[in-house]
1. Does ALA52 satisfy the condition of being modelled with pLDDT under 85 and part of a loop (DSSP other than H, G, I, E, B)?
2. What are the pairs, 6+ residues apart or on separate chains, where a residue within the stretch 13-39 that is closer than 15 Å to ARG3 by Cβ has its Cβ under 9 Å from a residue that is part of a loop (DSSP other than H, G, I, E, B) and among the hydroxyl-bearing types (Ser, Thr, Tyr)?
3. Taking the stretch 9-24 as the region of interest, how many residues are closer than 17 Å to LYS38 by Cβ and of a type outside the set (Ser, Thr, Tyr)?
4. Only residues that are part of a helix (DSSP H, G or I) and surrounded by 13 or more Cβ atoms within 10 Å (Cβ to Cβ): list them for the stretch 16-29, please.
5. Can you confirm whether TYR5 is in a helix (DSSP H, G or I), of a type in the set (Ser, Thr, Tyr), surrounded by 12 or more Cβ atoms within 10 Å (Cβ to Cβ) and at pLDDT 80 or above?
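The values are calculated or read from the model by the stated rules, or taken from the named source; none is laboratory data. It should be emphasised that the depicted structure is a prediction, and the values quoted were computed from it without experimental measurement. Note: ideal-geometry Cβ built from the backbone for every residue, glycine included; neighbour counts use all protein chains shown.
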Amino acid sequence: MGRRYRTASKKAKTQILDEFVAVSEYHRKHAIHLLNGKTDNGPIQSNPCKIARSRRIYNEAVIVTFLTEATRREFIIDIGHSCGN
């Protein structure tokens, strides 16, 4: 049904959508997404160009080191007054 909907003319799409909404009792907008091949998780056919990248997971030691270095640098700048003077 989705393939038929995607290739149909505007007038035919309206008729297909009306029938689909009447049978499924979905909201029209949700039915349009389903008939166009889209789900809540993205397109049904995966697009290799839009691969989700994994987020970095830092362990506690890396976070502590980063915060320590950032704090140390900020402290040195405040004491030395070397910025802008």
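1. Working: modelled with pLDDT under 85: yes; part of a loop (DSSP other than H, G, I, E, B): yes.
Taking the combined requirement at face value, the residue satisfies it.
2. The qualifying pairs are PHE20/TYR26; LEU34/TYR26.
3. Just the residues of the stretch 9-24 that are closer than 17 Å to LYS38 by Cβ, to begin with: 13, 16-17, 20-21, 24.
From what's left, of a type outside the set (Ser, Thr, Tyr): 13, 16-17, 20-21.
Of the residues in that region, 5 qualify.
4. Of everything in the stretch 16-29, those that are part of a helix (DSSP H, G or I) and surrounded by 13 or more Cβ atoms within 10 Å (Cβ to Cβ) turn out to be ILE16, LEU17, PHE20, VAL21.
5. Working: in a helix (DSSP H, G or I): yes; of a type in the set (Ser, Thr, Tyr): yes; surrounded by 12 or more Cβ atoms within 10 Å (Cβ to Cβ): yes; at pLDDT 80 or above: yes.
Against the criterion (in a helix (DSSP H, G or I), of a type in the set (Ser, Thr, Tyr), surrounded by 12 or more Cβ atoms within 10 Å (Cβ to Cβ) and at pLDDT 80 or above), TYR5 qualifies.
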